[in-house]
Every structure is written in structure tokens, then in C-alpha cells.
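Following: one structure in C-alpha cells, then a few remarks.
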Amino acid sequence: MIRSHVRIKIVINESNQFMGVVSTEDLIDRKIMQQLSKGDNREDILVTEMMKTKNQLVALDFTELTKATISDVIDLLKDSGTQHCLVVDRTNNCLRGIFSASDISRKLHLSIDIQDKSSFYKVFSAID
């Protein structure tokens, strides 16, 4: 992922159903340390143990998105403190796409500062 400059990958199961996403942050952050502290070997850690499930993700409904501005999307990303936001089509029960703060920033030549959850929050979550 790092070599190809991709920060997030969509995870699907063997039936091609959307399960969630895994990001580079998930793979190099506190989650790996949590698993290792439980006695797991790095090679035995599964993607499903590291990913964010679809229920944990911020999502915009496609119908709502047709009325939104890019500023609305940026505000949603900032308010949620996340770099990515899914676009779901509830009418057809499918995933339409994903917004990335870095992609928006690059395409619009804007500096978009998405404040990630604080380090204290991450430490507290790791202990919890």
C-alpha cells in the first residue's frame, strides 16, 4: 500500500460483499501493538482483526450527496476526524465509492487539514 501511495483498501469477502476497509494507519499503528501484546505473531494477524468494519465507517448516502457541495464533504471529514468517507447507495444496497481528503486536496490544490483523533484518545483506546 505504501509503495503504491494508497492509504486505504476496500475489504470484501469471498462472496464479493463489502466488509469494511483497512488503512495504512490500521496496519502501522496501535492495533498491531495490541495484537502483539496479546501474544500473536505478526505473520498470524488477519486483516479482519485490523480493519474497520462497515458499521464503524462514516458514510454519505448517494441521494444526499447529489445535493451536497464539496465543502459539505470536507466539513464532514473534518467533523468526523477521518481521512475517508464512504458513499453508499441505500436504494440499490451497494457501495458507490469513497472520498479521500488527500485526493480532494490534491485535485483542488487545497490544503485540507483533517485533525485525527488526539494521541491521548489513541492511547486510551489501546488500553481500553
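In the range 89-110, the residues that are of a type in the set (Lys, Arg) reach residues that are at pLDDT 85 or above with C-beta atoms within less than 6 angstrom, at least six apart or across chains, in these pairs: ARG90/ASP61; ARG96/PHE62; ARG96/VAL87; ARG96/ASP89. Check the range 49-59 and report whether any residue there is in the same structural domain as VAL11 (by TED's automatic domain parsing), buried (at least 17 other Cβ atoms within 10 Å of the Cβ) and over 16 Å from PHE18 (Cβ atoms). Looking for residues that are in the same structural domain as VAL11 (by TED's automatic domain parsing), buried (at least 17 other Cβ atoms within 10 Å of the Cβ) and over 16 Å from PHE18 (Cβ atoms), one finds at least one in the range 49-59, hence yes. Taken as a whole, the condition of being over 17 Å from the mean Cα position of the chain (by Cα), at pLDDT below 85 and on the phi < 0 side of the Ramachandran plot applies to LYS38. Total residues in the range 5-35 satisfying the condition of being among the charged types (D, E, K, R), at pLDDT 85 or above and under 14 Å from the mean Cα position of the chain (by Cα): the figure is 1. Here the range 11-37 is the region considered, the condition is being among the hydrophobic types (A, V, I, L, M, F, W, C) and in contact (Cβ under 8 Å) with a residue 40 or more places away in the chain, and the residue that is farthest from MET50 (Cα to Cα) is PHE18.
The values are calculated or read from the model by the stated rules, or taken from the named source; none is laboratory data. Keep in mind it's a predicted model, so treat the numbers as computed, not measured. Cβ coordinates were reconstructed from backbone atoms using ideal geometry, including for glycine residues, and neighbour counts include every protein chain displayed.
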